[in-house]
Amino acid sequence: MTTKIKITINEKQIEVAEGSSIVDAAVCAGVIIPTLCFHKDLCVAGNCRVCVVEIAGQKRLSAACATPCEEGMEILTNSLKVRNARKQIIELLLSEHNADCTLCYKNGNCELQKLASDYKIMTQDFIQLAPLRKYQIDHYSPSMIKDDSKCIRCQRCVRTCAEIQGVSALTAAYKGDRMKIATFFEKPMNDVVCTNCGQCINHCPTGALVERNYIEEVWDALANKDKFVIVQTAPAVRVGLGEELGFEPGTRVTGKMVAALKRLGFDAVMDTDFSADLTIMEEGSELLMRLKKVLVDHDPNVKLPLATSCSPAWIKYIEHMYPDYLDHLSTCKSPQQMFGALVKTYYAKHFNLNPENIVSVSIMPCTAKKFEANRPEMHDSGYRDVDYVLTTRELAIMIKQAGIDFLKLDDRSFDQIMGASTGAGVIFGATGGVMEAALRTAYELVTGREVPFENLNIMPVRGMEGVREASILIENPLPDWSFLEGIELKCAVAHGLVNVKSLMDSIVSGESQYHFIEIMACPGGCLGGGGQPIPTNPEIRRKRALAIYAEDQGMPLRKSHQNPEILKIYSEFLTEPLGEVSHHLLHTHYTPRERF
Amino acid sequence: MTPGYDLKRVDFIFQDESDWKEILQKSLGRPSAELINELISSELKGRGGAGFPTGFKWKLAADELNPIKYIICNADEGEPGTFKDREILTKVPMKVLTAMAICGYVVGSHEAYIYLRGEYFFLQPALNKAIQEFQATCQELNFDFRINLFMGAGAYICGEETALFESMEGKRGEPRNKPPYPTSFGYLGKPTVINNVETLAHTYTIFKYGAKRFYDLGVQYSRGSKLFSVSGDTPKPGIYELELGMSLLDFVHDFGDGDTKAVQVGGASGFLVPQKRFAETTIGFQGKLTGISLPTGGSMMLFNSSRSMYNVLDNYLEFFREESCGQCTPCRVGCQQLLNGIKAVKRGEKNALYLDKLLRLTETMQYTAKCGLGQSVANSFSSIVENFREEMIY
């Protein structure tokens, strides 16, 4: 039991748990205190000072986010003194900020803009500081754009990169008026240890960090009669997109999303869930092959644990941080890139299209996917496999631009081929989902029986804990897999790179012995990705995860190997998992990188 | 104008320190509660400028249950116009080391650091030698106590105690949110006593002569003596130990050049007192005395009539604009606005009323900045602008 203390907020007496901050306590009193540097995902910084409140008996004001309540505290959140100070602080922020709001990508979704509007800052008395600086926009990354002229130094990105991702590609540099958020030696974002995960973008209150958008490029392609524009949608998009278009967090909008994409003019609307199922076939087979090579052949060149390779930010992270461990990565491309390679080969052949005229677009909850599509090795179809990657947010912008009343859309279903999927493909969008999908298939492949979990729900790998472990004992396998008899398959799941670091370190030190690990760079997995709607916070991630699992539960097929189109593609095109065509189109290699 | 009385010069701090072993041994033989009471009854307040009661600080740390505690001597003497700590560490380092060890004994700490200002690198060899000699004595006395020297890197903000901890922990020197306070959550998250060099030197005096000798100096709320770094338009710049509670008029009579227009008390973060207020201003900690009482870390800068107060303020603001850590809005942006603002008024780009807007800004900075730096910019700004408004405009 936590001790309760009595405090007064704006003359209303309330009881709160000892140690709670004034910001949290105010919510109990029905008072909303404006904040800017504060974010539910991050530690308290207390540096913007927008949340200052007056405490009786104290001459100075206190930052409500950083001040714990004490017994008998009398707090005023809206006194004249508070309002004057708060207004002046907002004015100061605006004087430092490039406030060309109408020219800003974040226009309409900017926390500073909202404060300026709430407090009706109608004058510009202070000297505008932004024009006095020679700011240069960093637009070198294929994933993101960093514009320091819009930065308000709240350090949410710095805390995000350090606390959630453990990367610290962005840190505060210099002091005083020159203080800024910078990379190592102020190199461009694409030259440093940045994983392109986009969490900083998702946590930035202003337009200082935004995704590099490809909206106009896609509109151009859609308008071009000579082009056949194909779109794929990642599993996590369907549980996030609704938030941008008037639905509550956790609403599944799969059918409406497909309908909207068709209205936008895409020639074929397909599902990345299909290639997620395909990934399971390839990666599951790779796992079993590696187990055989290690356990039976004792091949020293084959490494365990096998690590998933779906998350491009994780790939870049391991290339930077653990370059000696690239052999542990599955050689499978991510579902996006498998899909891209197949679109301009298998799909083109099937419909007799010239791959040169195909424009392949993907809708992803992710900014690292933009970088991934841009990797030089992702041209196995003979063309660039994926031409444009849009985030969930960019798709929402296009839907709004097209004047589509999303709330009123009727549900539509994905086109064939490469549009069918299973529940296993859907749960790729949540942390633990790839693991669960792989186990559903691999266990059945080996034993001929379904995984021994109620309703196929492998609960130990679900949830939001940073690192989770599970193990499955293999008994009575089919004759081909007799070498696995009695083996306890040990698995681990990690999400958020700071948790991934602790898992990797335990593997490097030899402390942990796993066979298979699933890694997702973003907290909560793709549903908490850097390209998802802003805000994203623990509560919203939980709701999106519930939606993902509900989607899985509602699917008639829930195991990847049951997907009829998967069976079809193997019989017509790929022949077998890990076969020659697969090797050429669906597998890849990795590049060691510097650690700065 | 006849001064009230001659300034009472005191000679404690730089008194011979050869008896340090004796003081150390004697103190280690006394119960720690007795030592704390001695300090509390001396009413010694922190000499870095903030004036927190030292005995009370030691008691708070002593009451903490954590087995690991730290003692830190703040020698990041960065306030413009202050140069007394350097002198203490040069002339009587053993007093400071002894006081740190006694503090360690009192609060139950075995590990101490001197955080030395980056620009004082030349003190390093001598200090290391002193520390070595001191450690040997601790060993002889079977007292488990280690003192380490930690070099700062030249940031003014790192004199702020929590920014100093961050700096020692290898992080960016940015002040933390308070509470928690250092005595419960300081260096590496452990209870920490952090005292200014001079404060520690005074505790030596108190443990040597007893609290009364110290308490008898000074006035109510401002007991004891203090080192003053006197600079500017004075025939005798230097370091002087004076009794607290003196009137500024007496001070100027003694140290001025006969043409003193104003005195900056407490460095760039302190207050400017114009001539007309010399008589009603005393130097000491704020209390319920009549008139104005100004605390100071010891910096006394005298300006004569040849000085432009605009240039003085411009200089201070340029300093703050650069030395703000840049973390919190009021300080980072506020300092820039103040500096650009007075320049714009001077150039006629903003009208004189803009100074009132800037004065309101300093009030906001005082109320809302995260640490003492941003809060105290208002001191010099408002005292200069209010008293020398015409010099700002024309």
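The table for this structure:
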item: Filter pass, B:Lys343 being of a type outside the set (S, T, N, Q), within 11 Å of chain A (Cβ to nearest Cβ) and not in a loop (DSSP other than H, G, I, E, B); result: yes
item: Any helices (runs of 4 or more DSSP H) falling wholly within the stretch A:303-388 and containing at least 2 residues that are under 26 Å from A:Leu503 (Cα atoms); result: A:312-321, A:335-342, A:368-373
item: Check on A:Gln124, within 14 Å of chain B (Cβ to nearest Cβ), more than 30 Å from B:Ala352 (Cα to Cα) and either at pLDDT below 95 or surrounded by fewer than 17 Cβ atoms within 10 Å (Cβ to Cβ) (or both); result: no
item: From the options B:Ile384, B:Ile393, residue that is of a type in the set (A, V, I, L, M), away from chain A (no Cβ under 11 Å) and free of Cβ contacts under 8 Å to residues at least 60 places away in the same chain; result: B:Ile393
item: In the stretch B:51-83, the residues that are without any contact (Cβ under 8 Å) to a residue 12 or more places away in the chain and part of a helix (DSSP H, G or I); result: B:Asp63
item: Scan of the stretch B:65-91 for residues that are β-branched (Val, Ile, Thr) and buried (at least 22 other Cβ atoms within 10 Å of the Cβ), ordered by number; result: B:Ile71, B:Ile72, B:Thr82, B:Ile88
item: Filtered residues of the stretch B:24-50 (kept if touching a residue at least 60 places away in the same chain (Cβ under 8 Å) and either part of a loop (DSSP other than H, G, I, E, B) or not assigned by TED's automatic domain parsing to the domain that holds B:Cys138 (or both)); result: B:Glu43, B:Leu44, B:Gly46, B:Arg47, B:Gly48, B:Gly49, B:Ala50
item: Conditions (1) touching a helix residue (DSSP H, G or I) at 6+ places or on another chain (Cβ under 9 Å); (2) modelled with pLDDT of 95 or more; (3) not small (Gly, Ala, Ser): number failed by A:Asn374; result: (1)
item: Total residues in the stretch A:30-56, condition away from every other protein chain (no Cβ under 14 Å) and more than 34 Å from the chain's Cα centre (by Cα); result: 1
item: Positions within the stretch A:57-85 being assigned to a loop (DSSP other than H, G, I, E, B), within 7 Å of chain B (Cβ to nearest Cβ) and in contact (Cβ under 8 Å) with a residue 12 or more places away in the chain, in sequence order; result: A:Leu61, A:Ala66
item: Which numbered condition A:Ile89 fails, given (1) of a type outside the set (S, T, N, Q); (2) within 11 Å of chain B (Cβ to nearest Cβ); (3) in a loop (DSSP other than H, G, I, E, B); (4) in contact (Cβ under 8 Å) with a residue 40 or more places away in the chain; result: (3)
item: Residue within the stretch B:307-317 that is of a type outside the set (Val, Ile, Thr), touching a residue at least 60 places away in the same chain (Cβ under 8 Å), surrounded by fewer than 20 Cβ atoms within 10 Å (Cβ to Cβ) and in contact with a Lys or Arg (Cβ under 9 Å, 6 or more places away or on another chain) present; result: yes
item: Residue check for A:Ile507: under 26 Å from A:Glu243 (Cβ atoms), of a type outside the set (D, E, K, R), touching a residue at least 12 places away in the same chain (Cβ under 8 Å) and in a helix (DSSP H, G or I); result: no
item: Residue that is nearest to A:Gly433 (Cα to Cα) [pool: residues in the stretch A:465-477 that are hydrophobic (A, V, I, L, M, F, W, C) and at pLDDT below 95]; result: A:Ala470
item: Filter result for the condition that a residue is out of contact with any Lys or Arg (no Cβ under 6 Å at 6 or more places or on another chain), farther than 17 Å from B:Gly326 by Cα and buried (at least 22 other Cβ atoms within 10 Å of the Cβ), over A:Cys104, A:Cys65; result: A:Cys65
item: The lone exception for A:Ala25 - which of (1) surrounded by 23 or more Cβ atoms within 10 Å (Cβ to Cβ); (2) at negative phi; (3) within 14 Å of chain B (Cβ to nearest Cβ) it fails; result: (3)
item: Any hit, the stretch A:70-86, residues being among the basic types (Lys, Arg), in contact with a Lys or Arg (Cβ under 9 Å, 6 or more places away or on another chain) and not assigned by TED's automatic domain parsing to the domain that holds A:Ile164; result: yes
item: Some residue of the stretch A:573-585 being in a strand (DSSP E or B), modelled with pLDDT of 95 or more and in contact with a helix residue (DSSP H, G or I) (Cβ under 9 Å, 6 or more places away or on another chain); result: no
item: Top-ranked residue of the stretch A:155-180 - restricted to ones that are facing chain B (nearest Cβ under 9 Å) and outside any strand (DSSP E or B), ranked as nearest to A:Lys316 (Cα to Cα); result: A:Gln155
item: Flag if A:Lys81 is exposed (fewer than 13 other Cβ atoms within 10 Å of the Cβ) and among the basic types (Lys, Arg); result: no
item: Single unsatisfied condition, A:Glu518 versus (1) of a type outside the set (Lys, Arg); (2) under 30 Å from A:Glu111 (Cα atoms); (3) crowded, with 24+ Cβ neighbours inside 10 Å; result: (2)
item: Positions within the stretch B:119-161 being within 14 Å of chain A (Cβ to nearest Cβ) and either surrounded by fewer than 18 Cβ atoms within 10 Å (Cβ to Cβ) or in contact with a Cys (Cβ under 7 Å, 6 or more places away or on another chain) (or both), in sequence order; result: B:Gly152, B:Ala153, B:Gly154, B:Ile157, B:Glu160
item: Where B:Ser380 falls short, out of the listed (1) in contact with a Pro (Cβ under 9 Å, 6 or more places away or on another chain); (2) of a type in the set (S, T, N, Q); (3) crowded, with 23+ Cβ neighbours inside 10 Å; (4) closer than 21 Å to B:Lys261 by Cα; result: (1)
item: In the stretch A:112-152, the residues that are touching a Leu at 6+ places or on another chain (Cβ under 9 Å) and touching a residue at least 60 places away in the same chain (Cβ under 8 Å); result: A:Leu112, A:Leu115, A:Met144, A:Ile145, A:Lys146, A:Asp147, A:Ile152
item: Any chance B:Pro295 is more than 29 Å from B:Glu198 (Cβ to Cβ) and either crowded, with 23+ Cβ neighbours inside 10 Å or not assigned by TED's automatic domain parsing to the domain that holds B:Ala153 (or both); result: no
item: Residue within the stretch B:356-376 that is within 30 Å of B:Asp257 (Cα to Cα), touching a helix residue (DSSP H, G or I) at 6+ places or on another chain (Cβ under 9 Å) and not in a strand (DSSP E or B) present; result: yes
item: Residues of the stretch B:162-177 classified as within 14 Å of chain A (Cβ to nearest Cβ) and within 20 Å of B:Asn196 (Cβ to Cβ), total; result: 7
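The values are calculated or read from the model by the stated rules, or taken from the named source; none is laboratory data. It should be emphasised that the depicted structure is a prediction, and the values quoted were computed from it without experimental measurement. For neighbour counting, all protein chains shown are included, and Cβ atoms are generated from backbone atoms with ideal geometry for every residue, glycine included.
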